[in-house]
Amino acid sequence: MNPLNPFAASPQVVTVALNPALDQTIEVAGIKLGEVNRALRMQVDVGGKAVNVASCLSDFGVSTAVTGQIGRDNAALFEELFQRKKIANHCHYLDGLTRINSKLVDTVSGDTTDLNMPGPELTPDSARDLLEQVLRRLDQLAGQVQWVVLSGSLPPGMPADAYAAITRKAQAAGGSVVLDTSGAPLRAALAAGPKIVKPNRHELAELVGRPLDTLEALIATGRELLVASPGPDWVVVSMGGDGALFLDREQALRALPARVNVSSTVGAGDAMVAGLVAARLEGLNLADTARLATAFAAAKLTRLGPHLPRPAEVRALAQQISVSPVG
Ligand SMILES: Nc1ncnc2c1ncn2[C@@H]1O[C@H](COP(=O)(O)OP(=O)(O)OP(=O)(O)O)[C@@H](O)[C@H]1O
Ligand SMILES: [Mg+2]
């Protein structure tokens with residue numbers, strides 16, 4: 001276990017990074033597969049959804065901690081980000097490397113090829129141990145932490161109900177959970193009653209096992225989640241360049257995306273989750289939450305990594321977001 005970062009001694013938010021990643025981007029002019037290629041440039045960014053959420057929250061001035069796991073052998077890049085952004089490091093250290101996801105960018109065709117690694121292969125014992133470590137950390141932070149963010153995939157070998165177990169424990173201790181994952185972990189954790197869930201439209205369609213090709217279908221399906229027992233208080237369905245739906249039991253709102261110069265869409269959903277949490281900490285209503293969360297996403301689109309401009313700029317952007325009732 002790493003010594004705590006002394007800066008964020010009493011975090012309001014903790015994000016759980018069970019399967020973080022380093023994102024390696026390599027630029028090549030005209031990639032030829034099966035041949036020796038000369039690369040133009042390489043960049044390595046710390047990533048993974050939970051780390052992205054923490055990074056955006058910290059940029060907005062919210063005191064944030066990260067728990068979960070990182071590989072000892074390339075931990076330095078994560079530690080540097082945590083230090084720089086004053087994010088408290090409560091991660092468990094595993095032997096070996098944190099997974100590296102590679103992006104091959106062909107500067108001639110403009111195509112990006114992603115090679116994503118699954119993450120560390122956990123044995124049943126190491127999965128149990130990691131989950132226990134995370135639950136213990138959350139226990140230690142309970143009382144101060146208002147929001148627990150469960151974002152991203154689980155590493156191979158981690159049981160699909162890991163987020164469900166964390167949701168139950170965190171909410172029993174008085175925190176609220178926002179859930180952003182997919183597949184079996186999403187289904188299992190929904191049954192544990194997280195307060196907010198943010199699928200994108202594809203993740204929602206996969207959850208219910210039918211195509212959701214219209215706004216009406218997305219709204220109706222979001223409402224099904226809200227009236228389930230236990231149901232979340234809020235459902236947010238992100239739709240990429242088509243904006244996002246914000247639903248509670250009374251209202252359905254659509255926020256249109258801001259018109260910004262897009263540098264990278266990677267992590268837009270993670271920025272939106274960070275914005276949702278920031279809005280809940282400020283006690284904003286559904287419409288103002290839709291504005292702030294969309295502004296977080298828009299602000300992130302203008303940057304390559306999971307970083308936001310100054311909070312005043314994000315708030316100014318929020319004022320320009322169009323939100324209207326739907327359904
Ligand atoms: N191309 C785009 N143009 C404008 N806004 C966008 C674009 N892509 C995403 N956004 C904004 O970001 C929000 C979240 O994006 P999206 O629905 O792609 O999330 P996601 O699929 O969860 O992404 P990820 O998990 O990769 O971070 C959208 O609701 C929208 O406001
Ligand atoms: Mg997402």
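The table below lists the values:
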quantity	calculated
Spin-label pair residue 220/residue 79, simplified geometry with 7 Å Cα→Cβ offset, distance in nm	5.4
Debye log10 I(q)/I(0) at q = 0.12, 0.23 Å⁻¹ for the stretch 35-105, Cα point scatterers	-0.38, -1.04
Set of aspartates and glutamates near residue 49 by C-alpha distance (under 14 Å), chain-local residues within fewer than 8 positions excluded	23, 180, 270
Residue-span extension gain [residue 250 to residue 132] - 0.36 nm each, minus C-alpha spacing	38.7 nm
Residue 172-residue 10 pseudo-label distance in nm [points 7 Å out on the Cα-to-Cβ vector]	2.6
Gyration tensor over alpha-carbon atoms, the chain, equivalent ellipsoid semi-axes in Å	28, 25, 20
Contour minus Cα-Cα distance for residue 43 and residue 160 (0.36 nm per residue)	38.9 nm
Antiparallel %, DSSP beta bridges [both residues in the chain], to 5	40
Helix-only CD estimate at 222 nm, as mean residue ellipticity for the chain, using -39500 (n - 2.57) per DSSP H run (n ≥ 4)	-11000 deg cm²/dmol
Spacing of the two label points (7 Å from each Cα toward its C-beta) at residue 36 and residue 315, in nm	5.7
Label zone at residue 287, where the point sits 7 Å out along the Cα-to-Cβ direction: the stretch 295-327 residues whose backbone N lies under 11 Å	323-325
log10 of Debye I(q)/I(0), alpha-carbon scatterers only, for the stretch 213-327 at 0.13, 0.15, 0.19 Å⁻¹	-0.45, -0.60, -0.94
Highest-MSF residue in the chain out of 219, 70, 31 [GNM, Cα springs under 10 Å]	31
Residues residue 29 and residue 191, FRET efficiency given R0 of 41 Å [Cβ-Cβ distance, rounded to 0.05]	0.25
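Every number here is computed from the coordinates shown, using simple stated rules; none is lab data. The model shown is predicted, which means the values in this text are computed figures rather than measured ones. We place every Cβ from the backbone using ideal geometry, glycine too, and count neighbours over all the protein chains shown.
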